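The values are calculated or read from the model by the stated rules, or taken from the named source; none is laboratory data. The model shown is predicted, which means the values in this text are computed figures rather than measured ones. Quick reminder, even Gly has a Cβ in these numbers, built from the backbone with ideal geometry, and neighbours come from all protein chains shown.
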Amino acid sequence: MAPRSTKSPAAAGGIQVIARAAQVLRALDADPGGVSLAQLAERVGLPRSTVHRIVASLTAEGLISAASSNGRVRLGPEFLRLAEASRRERWQELRPHMQDVFDALDDTVECAILDGGELRFVDQIQATHGLRAVSEVGSTAPLHCTANGKALLSGLDDETVMQLLPSRLERCTPNTITIRDELVEELRAIRRTGVAYDRDEHTLGISSAAIALRESHGALVALSVLMPTPRMAGREREIERVLVRTARDAAA
């Protein structure tokens, strides 16, 4: 006689719900730009009504959020916060490289990652002198007008870049590039030099330079040095030398 299951119907049903919720979250992870409920139902092979209930529950918990006004959804802030907590140790391996840049240049050094179509700051070493520039850890910024963002985009192919960028690039300052083809041309130049710049493009008076790295698990990250624009003037060669050396050391 086959052994009887010791699980109650309610317990089995609960496990099935968790498994289906995991399916939905994995399907969203594959498309950071968001998907419609119909697309989501097709991807996970479940009825649309079932997917709608799961999405509603996960949205209430902050694990899913709206990606657009037409019903597309994507991973939510609570899911990203939990994921970031599990990855925090991984950024620590980059700390020695951040410290090397900080010791060489004596200005704020930041570590950032791709978060869907945005840049998210995950770590930083702040400058100690009075005049300094700082971004808040955990905050996000556009990809197209930050040195970190452009460094990360340069690590992707042009097709992926165009999928990530919005159709209209927001003008944050008079120096912001707002034409996508012009940005793509700049990214090609960054791939050759290895160093990306933001010269008053995101915030007037603040400039930065960045490199893209792969951490040990293969994730693409950017290290940048951030400073008031007057302090960067005439230091580009020094900054590039430090960043390129750091990229080489990290790769080794």
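Of everything in region 53-62, what is of a type in the set (A, V, I, L, M, F, W, C) and in contact with a strand residue (DSSP E or B) (Cβ under 7 Å, 6 or more places away or on another chain)? Give them in sequence order.
Answer for region 53-62, where residues must be of a type in the set (A, V, I, L, M, F, W, C) and in contact with a strand residue (DSSP E or B) (Cβ under 7 Å, 6 or more places away or on another chain): Val55, Leu58.
Does Arg168 qualify as being among the charged types (D, E, K, R), in a loop (DSSP other than H, G, I, E, B) and in the same structural domain as Arg120 (by TED's automatic domain parsing)?
Criteria met by Arg168.
I'm checking my understanding of the structure. Among residues of region 143-165 that are in a loop (DSSP other than H, G, I, E, B) and in contact with a strand residue (DSSP E or B) (Cβ under 7 Å, 6 or more places away or on another chain), which one is surrounded by the fewest Cβ atoms within 10 Å (Cβ to Cβ)?
Within region 143-165, the match that is surrounded by the fewest Cβ atoms within 10 Å (Cβ to Cβ) is Gly155.
If we scan region 69-84, do we find a residue that is surrounded by 14 or more Cβ atoms within 10 Å (Cβ to Cβ), at pLDDT 80 or above and in a loop (DSSP other than H, G, I, E, B)?
Checked region 69-84: at least one residue is surrounded by 14 or more Cβ atoms within 10 Å (Cβ to Cβ), at pLDDT 80 or above and in a loop (DSSP other than H, G, I, E, B).
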